[in-house]
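Participant: Attaching a single structure in structure tokens format; questions to follow.
The values are calculated or read from the model by the stated rules, or taken from the named source; none is laboratory data. As the structure is a prediction and not an experimental result, all values here were calculated from the model. Don't worry about glycine lacking a Cβ; one is built from the backbone with ideal geometry, like all the others, and counts go over all protein chains shown.
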Amino acid sequence: AQKVTQAQTEISVVEKEDVTLDCVYETRDTTYYLFWYKQPPSGELVFLIRRNSFDEQNEISGRYSWNFQKSTSSFNFTITASQVVDSAVYFCALSEEDRGSTLGRLYFGRGTQLTVWP
Amino acid sequence: DTEVTQTPKHLVMGMTNKKSLKCEQHMGHRAMYWYKQKAKKPPELMFVYSYEKLSINESVPSRFSPECPNSSLLNLHLHALQPEDSALYLCASSHLGRPEKYFGPGTRLTVT
């Protein structure tokens, strides 16, 4: 069963529009971690944010904000006033508690390709 | 220094060649990882090293041979690859027991 679902395969917006990327996760653990990574065309996976399961506080960093809701198992990512440089593939990922055998394995969603047009 | 470096950035090799990918980190991380990423797909875990010992092998074909000569270096030796092995190969590292993984820029491999 897929642990992380990103239902949006591709999203296109025009510059300055706001855009929300959805992420739904599945886990039985009470302690887990959620991540968002950005992958521009160059290929590098850029870490954006980590959220612990016990901290549901939403976070804002500049134009980026994240909404973590345990009740709906969602960890959505919003870009405000999007820019062309935001064009990339965005991955949501889940890491469960490290039990030695799993070594904190990262479960990635399939990614959302965001294209921001000028 | 919070950087993971990978060399080469691009590699083109024939099916009979032997080549190696290199990864280096100086963050004191004792867990290191190789991921393979095909176009328009998420990264897939290949190998995990913990304290320089292979801990996880995700049933990767033997034409991929990992090596961890010391706590800062991770190699991936390639031999007799197939065209379908063409992909972006990402290295990552982390502290054991910590969820954050730091990724390198990747090596884009093309097998002809």
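Participant: Evaluate region B:52-60: report whether one residue or more is outside any loop (DSSP other than H, G, I, E, B), in contact (Cβ under 8 Å) with a residue 40 or more places away in the chain and closer than 19 Å to B:Glu24 by Cβ. Please lay out each step first, then the result.
Facilitator: So in region B:52-60, the residues outside any loop (DSSP other than H, G, I, E, B) come out as B:53-57.
Okay, now just the ones that are also in contact (Cβ under 8 Å) with a residue 40 or more places away in the chain, so none.
Within region B:52-60, not a single residue is outside any loop (DSSP other than H, G, I, E, B), in contact (Cβ under 8 Å) with a residue 40 or more places away in the chain and closer than 19 Å to B:Glu24 by Cβ.
Participant: Being on the phi > 0 side of the Ramachandran plot, in contact with a His (Cβ under 8 Å, 6 or more places away or on another chain) and either surrounded by fewer than 16 Cβ atoms within 10 Å (Cβ to Cβ) or modelled with pLDDT under 95 (or both): is that true of B:Gly97 here?
Facilitator: In short, no.
Participant: What is the residue count in region B:47-59 for residues that are surrounded by 15 or more Cβ atoms within 10 Å (Cβ to Cβ) and either among the aromatic types (Phe, Trp, Tyr) or modelled with pLDDT of 95 or more (or both)?
Facilitator: 2
Participant: Return a yes/no flag: does region A:44-53 have any residue that is touching a Lys or Arg at 6+ places or on another chain (Cβ under 8 Å), of a type in the set (Ser, Thr, Tyr) and without any contact (Cβ under 8 Å) to a residue 40 or more places away in the chain.
Facilitator: Checked region A:44-53: at least one residue is touching a Lys or Arg at 6+ places or on another chain (Cβ under 8 Å), of a type in the set (Ser, Thr, Tyr) and without any contact (Cβ under 8 Å) to a residue 40 or more places away in the chain.
Participant: Please determine whether any residue of region B:31-46 is away from chain A (no Cβ under 14 Å) and surrounded by 13 or more Cβ atoms within 10 Å (Cβ to Cβ).
Facilitator: The first filter runs over region B:31-46 and keeps only residues away from chain A (no Cβ under 14 Å), leaving none.
No - not one qualifying residue is present in region B:31-46.
Participant: Considering region A:69-94 alone, what residues qualify as being over 16 Å from A:Gln113 (Cα atoms) and buried (at least 20 other Cβ atoms within 10 Å of the Cβ)?
Facilitator: A:Phe75, A:Leu94
Participant: Have a look at A:Ala1, A:Ala81 and point out the one that is at pLDDT 95 or above, more than 20 Å from B:Tyr102 (Cβ to Cβ) and out of contact with any strand residue (DSSP E or B) (no Cβ under 7 Å at 6 or more places or on another chain). Before you say what the answer is, go through the steps one by one.
Facilitator: On the way: A:Ala1 fails: at pLDDT 95 or above.
On inspection, the qualifying residue turns out to be A:Ala81.
Participant: Working only within region A:9-51, note down all residues that are closer than 13 Å to A:Ile79 by Cβ, polar (S, T, N, Q) and not in a strand (DSSP E or B).
Facilitator: none
Participant: Residues of region B:85-112 being away from chain A (no Cβ under 11 Å) and under 13 Å from B:Val12 (Cα atoms), which ones?
Facilitator: Passing the criteria: B:Asp85, B:Ser86, B:Leu109, B:Thr110, B:Val111, B:Thr112.
Participant: Filter region B:91-101 down to the residues that are in contact with a Leu (Cβ under 9 Å, 6 or more places away or on another chain) and in contact (Cβ under 8 Å) with a residue 60 or more places away in the chain and list them by number.
Facilitator: Selection gives B:Cys91, B:Ala92, B:Ser93, B:Ser94, B:Leu96, B:Lys101.
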